[in-house]
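Below is one structure, written out as structure tokens; comments come after it.
A short reminder: the numbers here are calculations on the coordinates, not readings from a lab. Keep in mind it's a predicted model, so treat the numbers as computed, not measured. Here the Cβ positions follow ideal geometry from the backbone for every residue, glycine too, while neighbour counts run over all protein chains shown.
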Amino acid sequence: MDSPNEGEVRIALRGMGVRPTRINKEGAKRNLFGAQIRSVPTEALVTFTRQLQVLISSGIPIVQGLDILYDQSGNASLKVIIGAVKEKVSAGSYFWESLSAYPLVFPKLYISLIRAGEASGSLDQMLKRLTRYVEDSERTRKMVRGAMMYPAIVVCIGAGVVSLMMVFVIPKFEDMLKGNGQELPLITQMVIHASHFMIANILYLVSGVGFAIYIFLKYIKTPEGRALIDRMFFHFPLFGGMMQKSGIARFSRTMQTLLASGVNLIDAIDICKATIDNAVLEDAVSKIRSEVEAGKTLGMVISKIALFPRMAVQMISVGESTGNMDKMLEKVADFYESEVEILVGGMTKLIEPLVLVVLGGDGWWYYDCDVFAYLQNGRRRSIVCRKFSRVKQSLGNRLQFRN
């Protein structure tokens, strides 16, 4: 039943004499055995699309192909969906119409291309384009996610190491330092006071950090939180350029796939907006849609949006004027996907030396067992610091080993 909210569904069902005990939103469907159908991993969707394309191109009818894939599917949710889709297609429904009942698994772009393929009689070609599109988009998404996760993991590990040192290591060194009978340096006193504070309030600090992380994760799942995070990443020194280029690559790849499949420009822009999954890019695509609908060319519109680089604007304008926009968009997508790959590789190389210094066995703030040398016979204890020579030697050995 289609309805904007749960309340109207209950009212309509009560008018029919039905009192529901539970109402599920579309996409959270259940099979005959009551098991909830969850979203399907991208790898499983790619495999399903590729295998179906091979079967259809080999002349096998779609119902028989779905029956074969149903037996071979290793994903429980996808297997239930394939079985339900096969039953609907056998009953006379269109393939795209049957897939549209599962929006969490098959996005709007997927449904649109399947619909265009069924209408034009080229379903195998559409499935081939879909396979390439999903693979390229997933590869770019994983590269960007990996680049963002790497420094986050380094920061978390560093914070954990520092916290453990403040709680367990500093108190042991405090007694040795105070045994000298001399006044400690200001920085050393600040570190000791911070250690005392963490030990005295450890439960409050752990609870506060845990609660803050929980609230943050809940907030970024809201539309406002997601938009705020997207805009913040676009202004970061390293991540801003990477996010911009990955967004341009995904926009170009989506538009190229849709236009090459016969979808008109306005519908392609609408589908692109629903697929792009970035608040900054969604705002830009919304502006593009209104301007293009008013009669302006796509190249003219994106030239006024700072998000699009000059080279991308020129290539799209040339493709639009020559009638080869889909081919030019494909070249734009290929170029910026390679740019993202180069940026991710360069970022990884920049972070690796920092990881070696901070988290390595001989980091800048690490002192080995010879740091504290105690003199006997009641003489004053002395601190022998060999930090820089040992760090330099250690890093030299590691870099030599890496080369």
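General remarks:
- Inter-label distance, nm, simple model (7 Å from Cα along the C-beta direction), residue 169/residue 138: 4.2
- Packing here is the average count of other Cβ atoms within 10 Å per residue, and on that basis the peptides 150-163, 303-316, highest first, run 303-316, 150-163.
- With a Förster radius of 51 Å applied to the C-beta separation of residue 342 and residue 206, the computed FRET efficiency comes to 0.80.
- In this structure, the residue pairs whose Cα-Cα separation is over 29 Å, taken from 108/287; 88/221; 88/327; 79/108; 128/221, are 88/221; 88/327; 128/221.
- Taking the average, over residues, of other Cβ atoms within 10 Å as the packing measure, peptides 335-341, 318-324 rank 335-341, 318-324 from highest down.
- Mean Cα-pair separation over length for region 73-208, i.e. relative contact order, pairs under 8 Å, 6 or more apart, %: 11
- Protection proxy ranking of 257-267, 108-118, by the mean of other Cβ atoms within 10 Å over each peptide's residues and highest first, is 108-118, 257-267.
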